[in-house]
Amino acid sequence: MRQVVEQFVVDNLVKVIESYLGVDIYTNSRKRECINARMIYYKMLNERKYGWSAIAKTLNKNHATIINGVKQFDDIIMFDKELLDDYKLINEVYSATEEDVHTTSFMTRAELINEAYNLEKQNKSLNLSIEELKYSLNYYQKYKNLIQLIDDRKLSDEKMRTITTKLNHFLNGLYN
């Protein structure tokens, strides 16, 4: 579980919830609309692998409040179609905005270091492949005229086999 909820995650999710439900989730109101908005907030962060305490800190709540809110949400959505529809809509809209944020924004420092190490290894491997290809290109460059001569003639497969055989005999010293 993630121990800290990044501020931009909170800000983006709160904006989406407030714009679609028209309520401030930071208020301590017991109105059903506010409670539903907070439950959606808890559930969405919990689904994104944030811990109970991390979620609680974003709203100055106790972790038990978050656990209870998620349990209530799971029970209520079986009967409250409006809450389920609100949740699906907010989740869809937030997920679309979430895709705009680069995936490294959600990585821990250790994960970022590991990712950087893996990218460096991949970069070295690709550079080595480039060097091998450059060497091969330079090596075969000396045959460029011969290849161009054969290619210009547009030879059939049978004639290519014949030329290959004759060239092989020539190179093996059978022709003087």
Among what's in segment 42-61 and is in contact with a helix residue (DSSP H, G or I) (Cβ under 6 Å, 6 or more places away or on another chain) and either of a type in the set (F, W, Y) or outside any helix (DSSP H, G or I) (or both), pick the residue that is surrounded by the fewest Cβ atoms within 10 Å (Cβ to Cβ). W52
Residue check, N172 against (1) under 22 Å from F8 (Cβ atoms); (2) loosely packed, with under 10 Cβ neighbours inside 10 Å, all met but one. Which one? (1)
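If the requirement is being of a type outside the set (S, T, N, Q), in the same structural domain as I35 (by TED's automatic domain parsing) and either farther than 26 Å from D11 by Cα or not in a helix (DSSP H, G or I) (or both), which of these qualifies: F79, F73?
Values: F73 fails: either farther than 26 Å from D11 by Cα or not in a helix (DSSP H, G or I) (or both).
Step by step, each of F79, F73 is checked, and only F79 is of a type outside the set (S, T, N, Q), in the same structural domain as I35 (by TED's automatic domain parsing) and either farther than 26 Å from D11 by Cα or not in a helix (DSSP H, G or I) (or both).
Criterion first (in contact with a helix residue (DSSP H, G or I) (Cβ under 8 Å, 6 or more places away or on another chain) and modelled with pLDDT under 90) does E111 satisfy it? Before the answer, list the steps.
Values: in contact with a helix residue (DSSP H, G or I) (Cβ under 8 Å, 6 or more places away or on another chain): no; modelled with pLDDT under 90: yes.
No, not satisfied.
Any residue that is in contact with a His (Cβ under 9 Å, 6 or more places away or on another chain), among the hydroxyl-bearing types (S, T, Y) and modelled with pLDDT of 90 or more - is there at least one of those in segment 80-88?
In the first step, residues of segment 80-88 are kept if they are in contact with a His (Cβ under 9 Å, 6 or more places away or on another chain); the result is none.
No; the residues of segment 80-88 include none that is in contact with a His (Cβ under 9 Å, 6 or more places away or on another chain), among the hydroxyl-bearing types (S, T, Y) and modelled with pLDDT of 90 or more.
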If you check every pair at least six apart or on different chains, which have Cβ atoms under 7 Å apart with a residue in segment 111-130 that is exposed (fewer than 10 other Cβ atoms within 10 Å of the Cβ) first and a residue that is among the hydroxyl-bearing types (S, T, Y) second? none
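Would you confirm whether or not segment 148-158 contains a residue that is in contact with a Phe, Trp or Tyr (Cβ under 9 Å, 6 or more places away or on another chain) and either under 30 Å from N12 (Cα atoms) or part of a helix (DSSP H, G or I) (or both)?
Looking only at segment 148-158, we keep the residues that are in contact with a Phe, Trp or Tyr (Cβ under 9 Å, 6 or more places away or on another chain), and these are none.
Taking every residue of segment 148-158 in turn, none turns out to be in contact with a Phe, Trp or Tyr (Cβ under 9 Å, 6 or more places away or on another chain) and either under 30 Å from N12 (Cα atoms) or part of a helix (DSSP H, G or I) (or both).
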Quick one: is Y94 under 26 Å from the mean Cα position of the chain (by Cα) and at pLDDT 85 or above? yes
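The values are calculated or read from the model by the stated rules, or taken from the named source; none is laboratory data. This structure is a prediction, so every number in the text was calculated from the model and none was measured. No Cβ is skipped: glycine too gets one built from the backbone with ideal geometry, and neighbour counts run over all protein chains shown.
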